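The values are calculated or read from the model by the stated rules, or taken from the named source; none is laboratory data. These numbers were taken from a predicted model, which means no experiment stands behind them. FYI the Cβ positions are ideal-geometry reconstructions off the backbone, even for glycines, and counts take in every protein chain you see.
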Ligand SMILES: C[S@@+](CC[C@H](N)C(=O)[O-])C[C@H]1O[C@@H](n2cnc3c(N)ncnc32)[C@H](O)[C@@H]1O
């Protein structure tokens with residue numbers, strides 16, 4: 001496994017010190033340290049409800065595909081996505097926090113997965129090393145990005161012709177949606193449609209039989 005841009009930022013803590021907390025919060029909503037994220041993201045109850053196998057199956061990936069897992073966290077989806085594109089494919093696990101990329105790398109090592117490339121992204125650009133992506137996947141992430149329309153526009157520039165962006169996220173206003181005290185952290189499929197259309201992307205698929213509380217949409221050119 002490779003690690004991109006390792007020397008540029010030594011973890012979110014360093015970034016917070018350099019930029020000041022308020023500026024970081026303004027660019028990424030719901031800021032947490034890597035250890036706090038790991039504790040939340042790896043809870044058995046959360047992981048068992050993600051339907052990881054079913055979600056990956058619905059993505060229709062093929063060996064050789066290039067895929068990005070934006071906001072990979074500790075990598076609960078990165079390994080299954082990497083396995084779905086092997087042999088010959090690459091999974092780029094993108095994070096803004098180097099310490100989370102370390103979690104992803106450790107997990108991949110334990111699971112003997114060799115086709116994950118960890119990528120240190122920026123708040124407004126995933127910094128992917130390829131512009132030939134078949135699929136760019138956002139699971140439980142887009143609501144954390146403050147400038148969503150701009151981020152999607154930049155991200156779309158990494159797709160190959162025929163490539164897709166998939167967003168799976170909690171439905172704004174659903175009783176089970178998180179961040180009820182921060183309405184700006186809830187997003188709807190209609191919001192996503194508007195941002196995608198601004199990036200010249202149109203809805204190509206919607207999965208509505210897996211979750212009641214989440215939407216699962218795919219956009220392409
Ligand atoms: C709720 S977690 C989801 C993690 C993983 N996708 C999952 O479902 O287990 C959101 C993640 O998005 C990351 N994140 C937030 N803003 C980001 C950005 N602009 N670029 C990349 N990652 C970002 C956070 O660091 C965090 O790990």
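Please pick out the residue among 91, 101, 135 that is crowded, with 23+ Cβ neighbours inside 10 Å and in a helix (DSSP H, G or I).
When all the criteria are applied, what remains is 101.
Report, by residue number, each residue of the stretch 143-154 that is within 9 Å of the ligand (Cβ to nearest atom) and in a helix (DSSP H, G or I).
If the condition is that a residue be within 9 Å of the ligand (Cβ to nearest atom) and in a helix (DSSP H, G or I), then 143, 144, 151 are the ones that fit.
Do we have residue 169 as within 26 Å of residue 40 (Cα to Cα), in contact with a helix residue (DSSP H, G or I) (Cβ under 9 Å, 6 or more places away or on another chain) and without any contact (Cβ under 8 Å) to a residue 40 or more places away in the chain here?
So residue 169 fails the test.
Suppose we filter the stretch 37-65 for residues that are under 20 Å from residue 96 (Cα atoms) and either near the ligand (Cβ under 10 Å from one of its atoms) or in contact (Cβ under 8 Å) with a residue 12 or more places away in the chain (or both); how many remain?
The number of residues fulfilling the criteria is 5.
Looking at (1) modelled with pLDDT under 95; (2) more than 12 Å from the ligand (Cβ to nearest atom); (3) in contact with a helix residue (DSSP H, G or I) (Cβ under 7 Å, 6 or more places away or on another chain); (4) assigned to a loop (DSSP other than H, G, I, E, B), which one does residue 7 not meet, given that it meets all the others?
If we test residue 7 against (1) modelled with pLDDT under 95; (2) more than 12 Å from the ligand (Cβ to nearest atom); (3) in contact with a helix residue (DSSP H, G or I) (Cβ under 7 Å, 6 or more places away or on another chain); (4) assigned to a loop (DSSP other than H, G, I, E, B), just (3) comes out false.
Quick check: anything in the stretch 74-84 farther than 22 Å from residue 43 by Cβ, assigned to a helix (DSSP H, G or I) and within 11 Å of the ligand (Cβ to nearest atom)?
no
If I ask for residues that are without any contact (Cβ under 8 Å) to a residue 24 or more places away in the chain and either under 19 Å from residue 138 (Cβ atoms) or assigned to a loop (DSSP other than H, G, I, E, B) (or both), which ones from the stretch 104-116 would you list?
Selection gives 112 alone.
Is it fair to say residue 128 is crowded, with 22+ Cβ neighbours inside 10 Å, out of contact with any helix residue (DSSP H, G or I) (no Cβ under 7 Å at 6 or more places or on another chain) and in a loop (DSSP other than H, G, I, E, B)?
Here the answer is yes, as residue 128 does meet what is asked.
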